[in-house]
Amino acid sequence: MGIRDLLAEVASTYDRTAGSTREVRGQQVLRGVARRIDLVLPPGFRAEGHGGQTTPAATPWIGVFEKEGMQDPKKGLYLAYIFSADLKNVTLTLQQGITWLEEPLGKGRARLEHLRHHAARLRRAVKRQENVGWVDEPDLREGGTRPRAYEAASVIAKVYDTARLPSDVALLEDLYLGVQSLRRAEEFDRVWWASGENDAFELAYALKEHGPQADVSPQDFDPLADFHPKDSGDYTAEITARQQVKQRSHERLVDDFGRYVVGRGFTPITRRQHPKDLVLRRQESERQGREWLVEAKIVRHGNPTVAVREALGQLFEYRHFLYTKETAPFLVGLFSEEVGVYASYLEEHGVASVWRSDEGWDGSPQARGWGMTPS
């Protein structure tokens, strides 16, 4: 027997209505995968079957893991054969771990958005278009939370009809392609995490409500209670075998503006807001009305082009993923120096701007209208 016979056996014996006990034939097949010696796998890899524990899995699967690599399918990247709920298809897919995202993102749309966003990033790295016959996501034909997450977590996928499975040779060739893609994706993932470019990591696309403070009397209200900007001191980062000393001027910008804007009737909030740089609420209406979403950028070498471009993109992105239409915030770009003609450009797109000036702070007409800067 080989991979082909194993996949066919699961498809013919698995029955989610039969339960998940050891006596159930389909469960026996899956639980016995790890002990099988007849499976021809790429060197250094092992297989493990999953049919659910207390509750039978809607979409059973067989993980293919590197013996010396990632051992936990809850996080990281791995290969898996995932069966559709009707068992008519089985898909070899390069998967992202999904379980570890439950705490920060929940099990709903926020997690799906993050998984698909990162899958698209990884897909460019593995050059999926070079693998003829592969697709992005499988259709598992099941609307449950976990199957939908498996679909969203797929980087690349090869779908097989369980009634017409290819030969073991063909399956193994595809598995080797999967291993190559896994290697590329893992390398990209490591570089991406080490690069420091993941400050806006989609983990924070948690559509969680960061509600107002509990009721407090006016005399006890502290507008800086939830304002905890990061340390503005320089820090050292180890990046790909070299050291870089980075300046946290971004954090100083947020800190200085947050403390300043308190005096103009706003409450600055950074606590539990990542990846948002800063949220502002009116002190007199903490429990109602729209909030202000602030994205801070440092203008480099007197040229605001890149800073404005990044601020605009991130503000739109966060508004889309972190808010509903009913709670959409006002948008503000916060800059380390004047942005010139870009102030009117931003306002045309519904974004106010604030920047440091020789006198302290200045801003676009909309920012002045809100009272964030002097008229």
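The values are calculated or read from the model by the stated rules, or taken from the named source; none is laboratory data. Keep in mind that this is a model prediction, so the values were computed, not measured. Note that each Cβ is placed from the backbone with ideal geometry, even for glycine, and that neighbours are counted across all protein chains shown. All accessible areas refer to the heavy atoms of the entire protein, side chains included, with ligands and DNA or RNA removed. Shrake-Rupley method; radii C 1.70, N 1.55, O 1.52, S 1.80 Å.
If only the Cβ of Lys and Arg carry +1 and only the Cβ of Asp and Glu carry -1, the dipole of the stretch 309-375 around its Cα centre is close to 260 debye.
Applying the criteria of a DSSP loop state and at most 14 other Cβ atoms within 10 Å to the GluC sites (Glu not before Pro) of the stretch 1-101 yields Glu23, Glu68. In this view, the solvent-accessible surface of Trp361, computed with a 1.4 Å probe and all protein chains in place, comes to about 30 Å². Once both labels are positioned 7 Å from their Cα atoms along Cα-to-Cβ, the gap between Asp161 and Ser344 label points is 6.3 nm.
To the nearest Å, what is the center-to-center distance of the stretch 10-39 and the stretch 281-358, using C-alpha atoms only? Answer, in whole Å: 55. Here the gap between Asp139 and Ser249, fully extended at 0.36 nm per residue and compared with their Cα-Cα distance, gives a gain of 35.0 nm.
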